[in-house]
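Notes follow once the structure below has been shown.
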Amino acid sequence: MAIRTKLVAGNWKMNGLRQDGAQLVHTLKERVAEAGGALGCDILACPPATLLSEVGGILAGSGIALGGQDCHAAPKGPYTGDISAEMLADLGCSHVILGHSERRHGHGETDAEVRDKIAAAWRAGLVAILCVGETQAQRQAGDAVETVMSQLAGSIPCAATAAKLVIAYEPVWAIGTGLTATTEDIAAMHADIRRRTPNGIRILYGGSVNAGNCSTILTLPEVDGALVGGASLNADDFWAIVRSYATE
Ligand code: PEP
């Protein structure tokens, strides 16, 4: 069985001015250099689009990858305010987060739109990080698994492989709230997702992962890393999460 390299990804969302972003990644870059290769995971920074160029320049050669937070499905055209997958790749991105609940719920993105965006990411050579997750009402109604499976069925193009796609299971009610799913619920949902996705795919957990709870959540056998929002904005907190996978 192929080893699934762990991944800790920071989703900065709409946070950070140039100086904050530069300081944060300079610190992370120093810590990676000090750790000298004993990290046990891949690291990804997904700053806002305004910081991709500058942050990408600082991260060059650091071993920390760069990702976008969304992309348009078209390669170019009359889409004011949007960014194409090709533009992200041109800035040095290797990954893009797609279908985040803040896009699904805040911008009305549908599974079909997310699927087109994933295809666009692949067209540009990017790895797509597909976010799925149920709302609190859906979990309380006993529909959590059905909701997530339906999102997977509707959002993943048929050409999916483990090399091109990462899944992030993020219960909507756990994002930015300080609440986390129980370890039993996380393990069960990850196992369900694994049964319905390509062999060897990485499945991250996201939803209020922080320095205090990371060692419990990230060491679950079905969890291949984390998508981290709030705690990725603080170098010490993000680094503590990365260190969950330290090999020495
Ligand atoms: C996210 O935005 O993907 C996320 C998980 O946020 P937070 O860690 O702040 O809950």
What translational D, rounded to a whole number of µm²/s, comes out for the chain from Stokes-Einstein when the hydrodynamic radius is the Kirkwood one over Cα pairs, at 20 °C and 1.002 mPa s?
120 µm²/s
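Run the numbers on the chain and let me know its relative contact order in percent, using alpha-carbon pairs under 8 Å that are six or more apart.
So the answer I get is 22 percent.
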Segment A162-T27, length gained on full extension (0.36 nm per residue, minus Cα span):
45.5 nm
The computed P(r) of region 127-226 puts the percent of Cα pairs beyond 17 Å at 46 percent
Amide H contacts of L7 (H built 1.01 Å from N, under 5 Å, at least 5 apart or other chain):
D42, G225, A226
Ratio of Rg to Rh over region 97-176 (Cα coordinates, Kirkwood Rh, two decimals)
0.97
Under 5 Å between amide H atoms, partner at least 5 residues away or on a different chain: which partners does A168 have, H built in plane at 1.01 Å?
L130, C131, V132, L204
Check S84: other-chain or 5+ apart residues with amide H under 5 Å from its amide H, H built from backbone geometry?
H72
Provide the convex hull volume over Cα atoms per residue for region 179-248, in Å³.
90 Å³
For region 225-242, in order, what is each residue's ³J(HN,Hα) by Karplus, 6.51 cos²θ - 1.76 cosθ + 1.60 with θ = phi - 60°, in whole Hz (x at glycine and Pro)?
x, 9, 9, 10, x, x, 6, 7, 8, 10, 4, 5, 5, 5, 5, 4, 5, 4
Just to check I understand the Karplus step: with θ = phi - 60° and J = 6.51 cos²θ - 1.76 cosθ + 1.60, what whole-Hz values come out for region 33-45, glycine and proline as x?
5, 5, 5, x, x, 9, 7, x, 7, 7, 10, 9, 10
Considering the Cα positions of region 78-123, please state its Rg to one decimal place and its Dmax as a whole number of Å.
10.9, 29
When ranked by the protection proxy of mean other Cβ atoms within 10 Å per residue, highest first, what sequence do the peptides 38-48, 155-165, 201-211 form?
201-211, 38-48, 155-165
Can you give the accessible area per residue of region 1-137, in Å², using a 1.4 Å probe?
47 Å²
Could you go through region 155-168 in sequence order and give the Karplus-derived ³J(HN,Hα) for each residue, using 6.51 cos²θ - 1.76 cosθ + 1.60 with θ = phi - 60°, rounded to whole Hz, and x for Gly and Pro?
9, 9, x, 5, 7, 5, 9, 5, 6, 10, 9, 10, 9, 10
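What area, in nm² and to one decimal, does the C-alpha convex hull of region 70-204 cast on average over all directions?
Across all orientations, region 70-204 yields a mean hull projection of 8.4 nm².
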Could you please state how large a percent of the accessible area of the chain is carbon and sulfur, counting protein chains only and using a 1.4 Å probe?
52 percent
With a 28 Å threshold on alpha-carbon distance, the violating pairs from K76/K164; K6/K76; K13/K164 are K6/K76
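The values are calculated or read from the model by the stated rules, or taken from the named source; none is laboratory data. Being a predicted model, the structure only gives us computed values, none of them experimental. As a convention, Cβ positions derive from the backbone with ideal geometry for all residues, glycine included, and neighbour counts pool all protein chains shown. Ligands, DNA and RNA are stripped out before the accessible areas are found, and what is left, the full protein with its side chains, is counted by its heavy atoms. Shrake-Rupley method; radii C 1.70, N 1.55, O 1.52, S 1.80 Å.
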